Every structure is written in structure tokens, then in C-alpha cells.
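**Student:** Structure provided below as C-alpha cells; questions to follow.
Bear in mind that the values in this text are calculations on the coordinates, not laboratory data. This structure is a prediction, so every number in the text was calculated from the model and none was measured. For neighbour counting, all protein chains shown are included, and Cβ atoms are generated from backbone atoms with ideal geometry for every residue, glycine included.
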Amino acid sequence: MKLRYLMVLGGLFAGSTVGLMPVMAPAAQPAKEAKPAIGDDASAALLRMGQSLRADQFSFQAKTIRVYADPNGEPLHIFHTVRVTVHRPNRLLAEVSGDDGSTKLAFDGKTAIVYSAAHNKYASIPVPEGTIEAMMKEAIGRLGVDFPLADFLSEAPNKAFLTGVTSGRVVNTVTIDGAPYDHLFFSQPPGIELELWLAKNEPAVPRWLIVTYRSLPGQPNFIAEFSDWNFNIHPADADFAFQPPAGAEQVALKPAAAPAPASKKAGK
């Protein structure tokens, strides 16, 4: 459920290019992580973000640019517009449109559904724990969903964002559309850099995010521009329910793999 991944195309539906977003391979983590060297001002800025994004209800839009490899292995860019509605603890709607068509992820507290408009197909999974964070884990594992903004929707957004990060600082304060923003810089081994622009005023929401992969050929970026934050919404439960369009086909998923039995330790 991390932001800092290599972008490659994959898909849940036969012939499709993506599930919800291009599937990404996680970066390797060091065997033993040192205590992160995060500046106090950077920690304070992220804490304010976490407090703002733990609101019960909110919505936002993000325009993203990602890199993927075409059949010849050449890096190309793909654009998406993502519209997200959150009702904590267990409602989420993400509507994605872009160069590869339109996709929807709907979670009503019990079931997660991903739908591809281009193929008029959908798949669903039950979510026993019934939280947005639990749903994301299930969706990534079984539906092939890759949602690169998931950290901002977690139960502790500031902590989720810092997973794997070893250092961070505030670069400076900038003015965007007449409002002050903290420009933050973070490092995550191996070779990943993150820049985040956070509003200094309340609510402390992200404005821009840039992730740079220094260790990959061409040093590709993931870029997101956030807008239209709204913390005064009052969505109904029906807004998160999925109604299959006419002729939509449900895709059968393989049963979830059972956990391996714990091995017994041999006696001395």
C-alpha cells in the first residue's frame, strides 16, 4: 500500500492495462532499519497532516502522472484524474479516469469492488475487518489494485507516509495561490526521494507530491497534484454502494490462500 514503488503495467481483467492504477513492485527494505532522522519541523508538519486527514468525512481530487514501460521497454507517461470520497471508518469511493480508461473502487464497509468501464467487468471481495486500511490490504492482495495515495487514507497518515523513510526535513516555505506551504524532502532507501508540499494553514492537506526513483533507469517520477479538498461533505451510505451497469460481467477470483500451518519446533 505504499507510494514509493516502481510503476509497471498489469491488470485484474483479461486484456486490461490496470486494475485501479498500474501495479507496482515494492522497493526492497534494508535488513535492519536505523532510527529515522526526521527533523522536528518535518515531524510537526506531518503530524498536522495526519490530524487533518483523520477527519471522519472528506473528499479530494488528484491529478497524477506515472511512468510505465511499453512493449519495447521504453518509459512512457500515463495521466490519471482520481476523485476520492472518504467516510471513516469503513466507506470509500475512488473514481479514476485516464489514458487507459475509467475504473472505480467502491467499499461499503463489507465488500470491496473494483470495476473497469472499458471492459464492463467487475470483481468483489469480502472485507471481514471492515476498515478502509483493511480493505486496501485485501484489494492489493486479491484484486490487483494499486492505489498510490493510500497512505493519505490510512488510520495514521503521518506514520504510514514515513514507513521506510530514513531522513526528512523542511526545505522552505513557499506560497501557492496566495497560501503558505511547507516544502518537505524525505529519503527512503534504496534510492527513493519524496517531496511533499503541505499547507501550513488548517486543514494541513497535501498540495503536491513528487516521488523520484534515483536507482532506476532514467530516474522516473510519480507526480500528484491535489485539489478540491472538502471536509464538509455528508455522503450517504448509498453513495458507496456499487450497482453493476447493464451487461456488466462479474469476474470470478481464486479463493484466498489459506495461511501456512505453524511449524513445530523440535525438542532438544
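**Student:** Cα atoms only: what Rg and Dmax, in Å, come out for segment 206-246?
**Tutor:** Answer for segment 206-246, Rg first and Dmax second: 18.0, 46 Å.
**Student:** Let me ask something else about it. Please find the FRET efficiency linking Leu47 to Val174, where r is the Cβ-Cβ separation and R0 is fixed at 22 Å, and quote it to the nearest 0.05.
**Tutor:** Efficiency at R0 = 22 Å is approximately 0.65.
**Student:** Which residues' amide hydrogens lie under 5 Å from the amide hydrogen of Ala204, considering only partners 5 or more residues apart or on another chain, with H built in the peptide plane?
**Tutor:** It is Ser52, by chain and number.
**Student:** Along segment 38-52, what does the Karplus equation 6.51 cos²θ - 1.76 cosθ + 1.60 (θ = phi - 60°) give for ³J(HN,Hα), rounded to whole Hz, x for Gly and Pro?
**Tutor:** 9, x, 4, 5, 5, 4, 5, 5, 5, 5, 5, 4, x, 5, 5
**Student:** With only alpha-carbon atoms counted, please give the Rg and Dmax of segment 161-208, in Å.
**Tutor:** Radius of gyration, then largest Cα-Cα span, for segment 161-208: 11.6, 36 Å.
**Student:** Based on the Kirkwood radius over alpha-carbon pairs, what value in µm²/s does the Stokes-Einstein equation return for the translational diffusion coefficient of segment 78-203 at 10 °C and 1.306 mPa s? Each step should come with its number before you reach the end.
**Tutor:** Working: Rh = 16.5 Å.
The calculation lands on 96 µm²/s.
**Student:** If you don't mind, another one. For segment 194-243 and segment 47-73, compute the distance between their C-alpha centroids and round to whole Å.
**Tutor:** So the separation of the two Cα centres works out to 3 Å.
**Student:** For the charge dipole of segment 103-260, defined by +1 on Lys and Arg C-beta atoms and -1 on Asp and Glu C-beta atoms about the Cα centroid, which residue among Ile140, Gly130, Phe231 has the Cα displaced farthest towards the positive pole?
**Tutor:** Ile140
**Student:** Let me ask something else about it. Testing the spin-label approximation: label points 7 Å from Cα along Cα→Cβ at Thr111 and Glu129. State their distance in nm.
**Tutor:** The two pseudo-label positions are separated by 2.2 nm.
**Student:** Taking just the C-alpha trace of segment 103-161, give me its Rg and Dmax in Å.
**Tutor:** Cα-based Rg and Dmax for segment 103-161 come out at 11.7, 37 Å.
**Student:** Highest first, please rank the peptides 71-82, 132-143 by the mean number of other Cβ atoms sitting within 10 Å of their residues.
**Tutor:** For the peptides 71-82, 132-143, the packing ranking is 132-143, 71-82.
**Student:** Taking 37 °C and 0.692 mPa s as the conditions, I'd like the Stokes-Einstein D for segment 178-260 in µm²/s, using the Kirkwood hydrodynamic radius from alpha carbon pairs.
**Tutor:** Rounded to a whole number, D works out at 188 µm²/s.
**Student:** Taking 0.36 nm per residue of separation and subtracting the Cα-Cα distance, what length does fully extending Lys200 through Asn230 add?
**Tutor:** 9.1 nm
**Student:** When the convex hull of the Cα atoms of segment 29-146 is projected onto a plane and the area is averaged over all directions, what value comes out in nm²?
**Tutor:** Values: hull surface 41.5 nm².
Spelled out: convex hull of the Cα atoms, projected over all directions, averaged, 10.4 nm².
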